[in-house]
Each structure stands twice: as C-alpha cells, then as structure tokens.
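Okay, structure first, notes after.
Just so it is clear, none of the values below were taken in a lab; they were calculated from the coordinates. What you see is a predicted model, and the numbers here were worked out from it, not measured in a lab. Here the Cβ is made from the backbone with ideal geometry for all residues, glycine too, and neighbour counts use every protein chain on show.
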C-alpha cells in the first residue's frame, strides 16, 4: 500500500511540474496583443489558463493528501517497530536515580604521545629557534 501511494505521489509531482511549466506567466498577455495569441486556440477561446490552473490546483490538493498519508504511514511504521517498553523493562527507583546522579565521574585520561610533536625541535629552547628574534 505504501509503495503504491509513493508511486502515485511521485507521478503527481512530475505532472505538477509539467503543468506549471506549461502555464504562461502574467507578462505573456502583453505578447498576445501583438499577434502572439495563436497558441491559446488549442484549449478553446478562453485560453489554457483556466484549464491548466484548475488541473494544477487539483494535482496540488492530491499531492498534499498523499504527503499527509505517507507521513502518517511512516509514523505508524516507526511506532510499531520501537516501543519504549522494550528499552526499559523495569522502572527505575528513586534510590537508583539518586545514586546515578551522585556517582563521581572520572575525567578521561589524556592521550599519551610517545614521540615529540616536532622532532627537529627536540631539546631546543624557545629562544634558540632560528628567525624568532626578527
């Protein structure tokens, strides 16, 4: 069911992109005044605007519905795969929680480096570096 709905969702999205690209912009009406209005006769005397606008609105509504349906299906699938009851089999007592809060935390040990960072400067004092006095 989810695969079918996802396929329909993708087809609606592709159809919406195609219909939106077919529509004329608001500035296209000015071109029709100078003899460029011949393309509108395919969709009738009123032009393609009304047909394409309604079809786009219908596809946008269907896209919205399929989006919400897919989201609900995904939510149900995730909630059925993991429940909080599986993670904690028995409740934590107040004493266990207090002990966990008061337990000392030891800092992590710094990594030990066996070799010097700059082997060519081993044994050289900071003032003895060549070019440091410039």
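Between residue 11 and residue 53, the FRET efficiency from the beta-carbon distance, with R0 = 22 Å, is close to 0.65.
What full-extension length gain, to one decimal in nm, is calculated for residue 92 and residue 78 as 0.36 nm per residue of separation minus the Cα-Cα distance?
2.5 nm
Between residue 70 and residue 110, full extension at 0.36 nm per residue minus the direct alpha carbon distance yields a gain of 9.5 nm. Neighbour counting of Cβ atoms within 10 Å sorts the residues 22, 59, fewest neighbours leading, into 22, 59. Shown for 90, 95: other C-beta atoms within 10 Å of each C-beta, ranked fewest to most, produce the order 90, 95.
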